[in-house]
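A short worksheet on the structure shown next.
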Amino acid sequence: MAREPGKPGQVETVTLDPPRPREVRVKVASAGVCHSDLHLLDGHLDADNVPVVPGHEGAGIVDALGDGVRDWVVGDRVSLCFIPACGRCPTCEAGQENRCEPGLQASFASRLLDGTSRARDAEGSELKQFLAVGCFGEYTVVPEQGLVRLPDGVPLWQAALIGCAVVTGVGAVRNAAGVRPGDSVCVVGCGGVGLQVIDGARLAGADPIVAVDRSESKLSVARAHGATHGIVGGGTRPGREVRELTGGGVDHAFEVVGRTDTIRVAWDALKPGGGAVVVGLAPRGTDAVLPALEFLTAEKAIRGSFYGSGRPRQEIAELAQLSLDGAIDLGRTISHRAPLEDLEPALQRMRDGVGSRTVLILDPELAGALPQPA
Ligand code: APR
Ligand code: ZN
Ligand code: ZN
């Protein structure tokens with residue numbers, strides 16, 4: 001639980017009101033620690049986000065139903081989706097369920113669709129639920145539209161990642177960039193989300209896939225995910241190196257850090273006619289600085305991608321199936337499993353760039369066992 005921006009969170013007893021109509025209580029099995037949670041806890045987002053139960057990337061089982069819920073029964077295995085899309089607003093009808101109007105409003109307010117939250121502290125005061133989820137706890141209550149059915153066989157400790165990192169990364173490749181077989185790709189930032197961009201690029205048939213990260217250890221993980229080349233370094237120098245390595249630049253560059261200098265690296269890595277996609281969430285007040293001449297002289301383009309730029313719920317279901325089929329290896333992205341009490345060390349690892357992803361295990365039995373080494 002986080003009370004003040006920039007101050008460490010603490011584990012507290014939180015009371016959950018029962019699910020209201022069309023809401024579902026979920027017993028959380030596992031929850032990924034995403035950089036957006038770190039931004040929240042480090043006070044990089046709006047100050048009115050607190051007090052809040054963090055966590056927006058999770059998996060578990062349906063535990064209780066509000067009135068009028070027809071599609072779910074107690075015990076269903078689910079991934080959480082942090083945009084509870086209505087499917088009916090003009091944005092949803094245009095295929096951009098990631099930006100569903102009521103869904104986005106609830107998510108960015110860190111409350112449920114009726115504008116309230118179900119979480120309360122010991123005094124009975126309202127706690128927000130980060131991105132309409134708030135899954136760093138044993139239970140959460142979410143709108144029924146915020147659930148995605150998981151196929152049997154996907155371990156819940158891995159499935160947590162699908163609802164944010166995987167759909168964000170793979171969607172950026174497929175929907176925002178439209179990478180095609182043989183396209184050249186550069187990925188700047190190879191953390192939990194960047195590795196999923198690499199997976200998406202590999203699945204799309206991209207070649208080469210150049211990984212850039214300030215940490216050498218991240219590059220070796222990136223290679224295991226399918227990167228064909230790795231460039232280590234911070235600052236803006238790697239952009240030129242990518243151009244030299246690829247004989248003039250890449251078709252698509254993805255920025256998956258959220259910084260001024262790494263946005264510039266992605267831009268500089270492009271060949272004429274190429275396009276950059278910014279996936280990283282930058283702290284409020286961060287500017288992107290680009291040589292504007294190149295919009296014309298090199299016809300370069302840049303756009304953002306939020307939550308996969310498509311239909312997250314449908315895509316989470318498809319990606320869960322892909323992981324079951326072995327096309328995406330989620331276990332390889334998860335470097336640490338930890339109890340809720342160890343959230344702060346997990347956040348510190350992320351600040352220090354150590355490990356790819358921590359998954360908090362809220363219910364070890366539901367989360368499932370680690371695979372035995374072959
Ligand atoms: N140059 C190159 N790589 C960098 C730099 C830099 N200046 N700074 C950080 N990195 C690398 C880190 O070494 C790490 O591998 O960026 C990666 C960031 O990964 P994580 O901390 O695991 O963050 P992740 O959860 O992947 O999120 C990345 O996407 O969705 C957003 O909010 C999220 O802004 C965040 C970004
Ligand atoms: Zn996230
Ligand atoms: Zn909608």
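The values are calculated or read from the model by the stated rules, or taken from the named source; none is laboratory data. Keep in mind that what you see is a predicted model, and the values were worked out from it rather than measured. Please note that ligands, DNA and RNA were not included when accessible areas were found on the heavy atoms of the full protein model with its side chains. Shrake-Rupley method; radii C 1.70, N 1.55, O 1.52, S 1.80 Å.
Using just its DSSP H runs of length 4 or more, each adding -39500 (n - 2.57), the chain gives a mean residue ellipticity at 222 nm of -7500 deg cm²/dmol after division by all residues. Shape call for segment 169-306 from the C-alpha gyration tensor, a ≥ b ≥ c root eigenvalues: rounded (a/c under 1.5), prolate (a/b greater than b/c) or oblate? Here segment 169-306 falls in the rounded category. Here's how it looks for Gly280: its modeled amide H is under 5 Å from those of Glu255, Val256, Val257, Gly258, which are all 5 or more places away or on a different chain.
Using alpha-carbon positions, what is the distance between the centroids of segment 63-130 and segment 185-219, in Å? Result: 31 Å between the Cα centres. Around the amide H of Ala29, modelled in the peptide plane, lie the amide H atoms of Ala59, Gly60, Ile61, all under 5 Å away and 5 or more residues distant in sequence or on another chain.
Converting phi to 3J(HN,Hα) with the Karplus coefficients 6.51, -1.76 and 1.60 and the offset θ = phi - 60°, segment 329-334 yields 9, 5, x, 6, 7, 8 Hz in sequence order, with x at every glycine or proline. Compared with the dominant principal axis of the Cα atoms in the chain, helix 343-352 is inclined by about 10°.
Given an 8 Å cut-off on Cα distances and at least 6 residues of separation, report the relative contact order of the chain as a percent. It rounds to 18 percent for the chain.
Phi angles of segment 26-34 translate, via the Karplus equation with coefficients 6.51, -1.76, 1.60 and θ = phi - 60°, into HN-Hα couplings of 10, 7, 7, 8, 8, 9, x, 9, 9 Hz per residue; Gly and Pro are given as x.
Taking a straight Cα-Cα cut-off under 21 Å and skipping sequence neighbours fewer than 8 places away in the same chain, the lysines within cross-link reach of Lys300 are Lys271. Where does helix 192-203 land angle-wise versus the long Cα axis of the chain, in degrees 0 to 90, nearest 10? The answer is roughly 60 degrees. The DSSP beta bridges internal to the chain are antiparallel in roughly 50% of cases. Just the protein heavy atoms count here, and of the accessible area of the chain at 1.4 Å, carbon and sulfur take up 50 percent. Rounded, prolate or oblate: which fits segment 265-337 when a ≥ b ≥ c are the square roots of the eigenvalues of the alpha-carbon gyration tensor, with rounded for a/c under 1.5 and prolate only if a/b beats b/c? Here segment 265-337 falls in the prolate category. Each Cα pair under 8 Å and six or more residues apart adds its sequence gap; the mean of these over the residue count of segment 169-306 is a relative contact order of 23 percent.
Note that the chain presents 40 Å² accessible area per residue, ligands and nucleic acids not counted, probe 1.4 Å.
Which of rounded, prolate or oblate describes the chain when judged by the alpha-carbon gyration tensor and an a/c cut-off of 1.5?
Prolate shape, in that a/c is at least 1.5 and a/b is the bigger ratio.
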